[in-house]
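Please read the structure below before turning to the comments.
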Amino acid sequence: MLDSLKEELSLLKEIDKLFEIIEKTEEKISHISIIEEADKKLFEKNKNKIKNYIWKIENNILEVAFVGVEKAGKSTFANAFIGKEILPSKRERATYIPTEVRYAPNGKVEVYFYTEEEFLKIFRNMLRDVAYPNWENATLENVTIESFKKHFKNLERENRALFEKHQNRLERDILEILEKKDEIKKFLIGAKKIFQEEDIENYKKFIIDPNLSRAVKRVIIYSSKLKGLENIIIYDLPG
């Protein structure tokens, strides 16, 4: 291992120890909260990130990302690299969610879904970016297609720069969510579904469907085809 990586690993382990000390102290001093309630999720997220970085360095993990514009053939090229048709590919855009491919002796696919609370946080941030009134209390029920269209039309007059920045981009995304909200909500389960590696017809919809993919947090495909490349993680990214 390179000296620079050794130093980085040592530092990450020290940070990891600090996270553990904070957690243990929180447990012992039940009447005093070291971590504010609003920051607990961020604390947990960063703690998991540190552990993930440590795992990658200790296991000499090499990450390979296939990137490019839409319809450039990233998924097709990735399939050719892997040697098996496990990533959905077609002439139109085929990837709406980052998809991870790793080695495993027995292939499977894990699709992780947002909780409704997590999805609402994303949705509210989208509304915030277009200056939607009372965005912090927005839900998929109290924001209607009509109310959003009215707001965005008014934005053209009241804040032309913001209107032009998000016209046909974020505007379209929000409208698509509102139009397909019932379909999306069915999958806001905050858990994962497991599919067989060969069952591409059932899991690919969560990668290629522009609406269902909004409910998806992460997709990991484990394939025996990566034997000999056990330390490689392949990422197929949207264009």
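A few notes on this one:
- Taken together, the criteria exclude Ile200 from residues that are among the hydrophobic types (A, V, I, L, M, F, W, C), at negative phi and open to solvent by 60 Å² or more (accessible area, probe 1.4 Å).
- Selection status of Lys150, buried (at least 16 other Cβ atoms within 10 Å of the Cβ) and in a helix (DSSP H, G or I): no
- Of the set (1) more than 16 Å from the chain's Cα centre (by Cα); (2) in a strand (DSSP E or B); (3) of a type outside the set (D, E, K, R), all apply to Ile220 but (1).
- Among the candidates Val101, Val130, Val109, Val143, the residue that is touching a Ser or Thr at 6+ places or on another chain (Cβ under 7 Å) and of a type in the set (A, V, I, L, M, F, W, C) is uniquely Val101.
- Restricting the range 121-136 to residues that are more than 24 Å from Asn211 (Cβ to Cβ) and open to solvent by 90 Å² or more (accessible area, probe 1.4 Å), the residue that is farthest from the chain's Cα centre (by Cα) is Asn134.
- Residue list for the range 112-160, restricted to those being among the aliphatic types (A, V, I, L, M) and without any contact (Cβ under 8 Å) to a residue 12 or more places away in the chain: Ile122
- Test set (1) crowded, with 17+ Cβ neighbours inside 10 Å; (2) over 22 Å from Lys204 (Cβ atoms) - Val109 fails condition number: (2)
- Among the residues listed as Lys71, Lys40, the single one being surrounded by fewer than 15 Cβ atoms within 10 Å (Cβ to Cβ) and either modelled with pLDDT of 75 or more or over 30 Å from Lys227 (Cα atoms) (or both): Lys40
- Among the candidates Glu156, Glu171, Glu141, residue that is in a loop (DSSP other than H, G, I, E, B) and over 27 Å from Val109 (Cα atoms): Glu141
- Residues that are exposed (fewer than 12 other Cβ atoms within 10 Å of the Cβ) and within 19 Å of Glu179 (Cβ to Cβ), drawn from the range 137-147: Thr139, Glu141, Asn142, Thr144, Glu146
- Identity of the residue in the range 179-216, under 14 Å from the mean Cα position of the chain (by Cα), closer than 11 Å to Val111 by Cα and aliphatic (A, V, I, L, M), that ends up modelled with the lowest pLDDT: Ile207
The values are calculated or read from the model by the stated rules, or taken from the named source; none is laboratory data. Just so we're clear, the structure is a prediction, and the values are computed from it rather than from any experiment. FYI the Cβ positions are ideal-geometry reconstructions off the backbone, even for glycines, and counts take in every protein chain you see. Protein only, heavy atoms only, side chains kept; ligands, DNA and RNA dropped before computing areas. Shrake-Rupley method; radii C 1.70, N 1.55, O 1.52, S 1.80 Å.
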